[in-house]
Amino acid sequence: MDIHFDIIQTAGMAGGVFLLGKWIKARSSFLQKFFFPAPVIGGIIVSLLEFFLHQSGVVNISFDKTLMSFFMNIFFTCVGFTVSAKLIRSSGRQGAVLAVIAVTFLIIQNVIGVSLSRLLGIDELLGIAMGSISMSGGVGSGAAFGPTLESLGAQGATAIGIAAATFGLMMGSLIGGPVAKRLIDRHRLAPTGATTDGADDSPTSATAATTSSTLLRSTLLVLIAAAIGTLISLILTLSGIKFPYYVGCLFGGALVRNIADYGVIDLCHDEVDMVSTTSLNLFLSISLMSLNISALIDLALPMMAILLTQMVTMMTYAYFVTFRLMGKDYDAAVMAAGHCGVGLGQTPNALANMSAVINEKGPSPKAWFILPVITVVFINIFNPLIITFFINLFQ
């Protein structure tokens, strides 16, 4: 028997998946500690149930994915709103060095994924799915790029990318603290008490209370930015390189954000974050509950080999490259911990890693300001471009 959920039913199911994941996460310290998103938790449970029902011959379930594409593009438009030229300039020389460090590692992650996939005899596009798409990009990126890879013949790329990103969420939080502790102990580092110029320029939200009117205005700004992004996507296609549609949306958001930074538009970051969070949660819920679990079974061992290599490489890179180039001091050690978090997981993992070190060893305002700002901006800008380059190279 086949059951297909239409667009409204799919939206309702996505809401249920999110609430299920949120309910389970609230009762698990493990899931909270490693920042597992609620839609990932609920979505994996539902997709496993669908897998067992399919394997037992009871029922085949499918969903309308129209809203998944819509919410994905809205989410990446909101991501573009984090790209502020003023914040980049305020981070100074160290910010520029960290940007190079972070972007270079995106390339390394994809080289590892492609090289090991070739060595292990699996599709190189699946190696890209286990590269910066899922490692630095996270669950959202894995779900977004998966269909593109599958359209090029990489079966199961979405499931593999999401599984790899889930692995990264755990490992990114596990390895950051030990890396920083080893650096601090070996080099006998201690906080200097230095402050960071420009820290007061970090993104702040409007102080006015959110109302239905102001939230509507912010939502409309996001939609306008997304529409501008579609025009940017058309321009990008003229290059002859196949860019995912949402890359243009990201740049559309960045354009509106930087116009707002100069006072031309009033922008409330809290409200944009609300739109972003809602879009991401619904996008992930639909994507995860549609996950093809069977695609993971045959690739379990090659995938684990690639992901463990990615983890060891991240630790080594943070220890020898991030730490040294960022100044070989206490702040650099804290940034190394943060880079482990964002290089395998997401910004919350980076902040949690740095917070754990700071709570034990002392404050690091420089690291706390520079690393989140720079990694969010430059990974968001360059990761889609680097991924697109690798996809076009190996398709």
Name the residues in region 302-340 that are charged (D, E, K, R) and more than 23 Å from P191 (Cα to Cα), would you?
none
Note: among I3, I24, just one is of a type in the set (A, V, I, L, M) and either in contact (Cβ under 8 Å) with a residue 24 or more places away in the chain or at positive phi (or both), namely I3
Number of positions in region 347-383 that are surrounded by 22 or more Cβ atoms within 10 Å (Cβ to Cβ) and under 19 Å from Q310 (Cβ atoms)
6
Go through the residues of region 43-64 one by one and say whether even a single one is in a helix (DSSP H, G or I), open to solvent by 60 Å² or more (accessible area, probe 1.4 Å), among the charged types (D, E, K, R) and out of contact with any helix residue (DSSP H, G or I) (no Cβ under 6 Å at 6 or more places or on another chain).
no
Sort out which residues of region 141-159 are surrounded by fewer than 24 Cβ atoms within 10 Å (Cβ to Cβ) and among the aliphatic types (A, V, I, L, M), and write them in order of number.
L152
Which of the numbered conditions does L291 fail, given that it passes all the others? Conditions: (1) surrounded by fewer than 16 Cβ atoms within 10 Å (Cβ to Cβ); (2) outside any helix (DSSP H, G or I).
(1)
Can you tell me how many residues within region 248-258 are of a type in the set (A, V, I, L, M) and open to solvent by 40 Å² or more (accessible area, probe 1.4 Å)?
1
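Conditions (1) part of a helix (DSSP H, G or I); (2) in contact (Cβ under 8 Å) with a residue 12 or more places away in the chain, marked per residue:
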residue: T210; (1), (2): no, yes
residue: L223; (1), (2): yes, yes
residue: S239; (1), (2): no, no
residue: G248; (1), (2): yes, yes
residue: S276; (1), (2): yes, yes
residue: A295; (1), (2): yes, yes
residue: P302; (1), (2): yes, yes
residue: A305; (1), (2): yes, yes
residue: M314; (1), (2): yes, yes
Right, Y317: among the hydroxyl-bearing types (S, T, Y) and at pLDDT below 90 or not?
no
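Okay, residues lined up against (1) among the acidic types (D, E); (2) modelled with pLDDT of 90 or more; (3) within 19 Å of the chain's Cα centre (by Cα); (4) open to solvent by less than 50 Å² (accessible area, probe 1.4 Å):
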position: R89; (1), (2), (3), (4): no, no, no, no
position: I101; (1), (2), (3), (4): no, yes, yes, yes
position: T104; (1), (2), (3), (4): no, yes, yes, no
position: A129; (1), (2), (3), (4): no, yes, yes, yes
position: V139; (1), (2), (3), (4): no, no, yes, yes
position: G161; (1), (2), (3), (4): no, yes, yes, yes
position: M171; (1), (2), (3), (4): no, no, yes, yes
position: P178; (1), (2), (3), (4): no, yes, no, no
position: A194; (1), (2), (3), (4): no, no, no, yes
In region 320-332, residue farthest from A99 (Cα to Cα) [restricted to those that are part of a helix (DSSP H, G or I) and open to solvent by less than 30 Å² (accessible area, probe 1.4 Å)]:
Y330
Considering each of D266, D270, D261 in turn, give the residue that is acidic (D, E), touching a helix residue (DSSP H, G or I) at 6+ places or on another chain (Cβ under 8 Å) and open to solvent by less than 80 Å² (accessible area, probe 1.4 Å).
D261
List the residue pairs whose Cβ atoms are under 8 Å apart, where the first residue sits in region 327-342 and is on the phi > 0 side of the Ramachandran plot, the second is surrounded by fewer than 24 Cβ atoms within 10 Å (Cβ to Cβ) and of a type outside the set (F, W, Y), and the two are 6 or more positions apart or on different chains.
G327/Q94; K328/H187
Selection count where residues are within 17 Å of S276 (Cβ to Cβ) and either loosely packed, with under 12 Cβ neighbours inside 10 Å or in contact with a Leu (Cβ under 9 Å, 6 or more places away or on another chain) (or both), scope region 207-222
4
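The values are calculated or read from the model by the stated rules, or taken from the named source; none is laboratory data. Bear in mind that the values here come from a model prediction, so they are computed numbers and not experimental data. Every residue, glycine as well, gets a Cβ built from its backbone with ideal geometry; the counts of neighbours run over all protein chains shown. Ligands, DNA and RNA are excluded from the accessible area calculation, which covers all protein heavy atoms including side chains. Shrake-Rupley method; radii C 1.70, N 1.55, O 1.52, S 1.80 Å.
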